[in-house]
Amino acid sequence: MPLWSIRFGVVCPLGLVVLCYSYVSSFERHWQLLVATLVLSATAGFIIMITAMPAPAMLRHRRFSRINSYPSPWRPTAEEFGQAFGFADFAG
């Protein structure tokens, strides 16, 4: 099941039903419940789509899986950063 079917198969039709119902006179009695249901369904749709997405290929690779591994060969140190941008003593 494609992820976009959650949005276009559930959330958008529900929003269209609420929009159409908003032209009925009894909408004034139920509008808070209907709009709250619409907001919660849209939020649930976003959460389901985000959790169902596969991880990007970069995060699946072992080299990029350790985000906070210091010292990192891919991040310049403060001295290297200062030298690259012409600062004499960037590290302090």
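Could you please give the count of residues in segment 1-35 that are over 26 Å from MET49 (Cβ atoms), of a type in the set (Val, Ile, Thr) and assigned to a helix (DSSP H, G or I)?
0
In segment 36-58, what residues are over 15 Å from LEU3 (Cα atoms) and in a helix (DSSP H, G or I)?
Initial filter on segment 36-58 (over 15 Å from LEU3 (Cα atoms)): 36-40, 56-58.
Within segment 36-58, ALA36, THR37, LEU38, VAL39, LEU40, ALA57, MET58 meet the criteria.
Only the coordinates and a few stated rules stand behind these numbers; no lab work does. The model shown is predicted, which means the values in this text are computed figures rather than measured ones. Cβ atoms come from the backbone with ideal geometry, glycine included; neighbour counts cover every protein chain shown.
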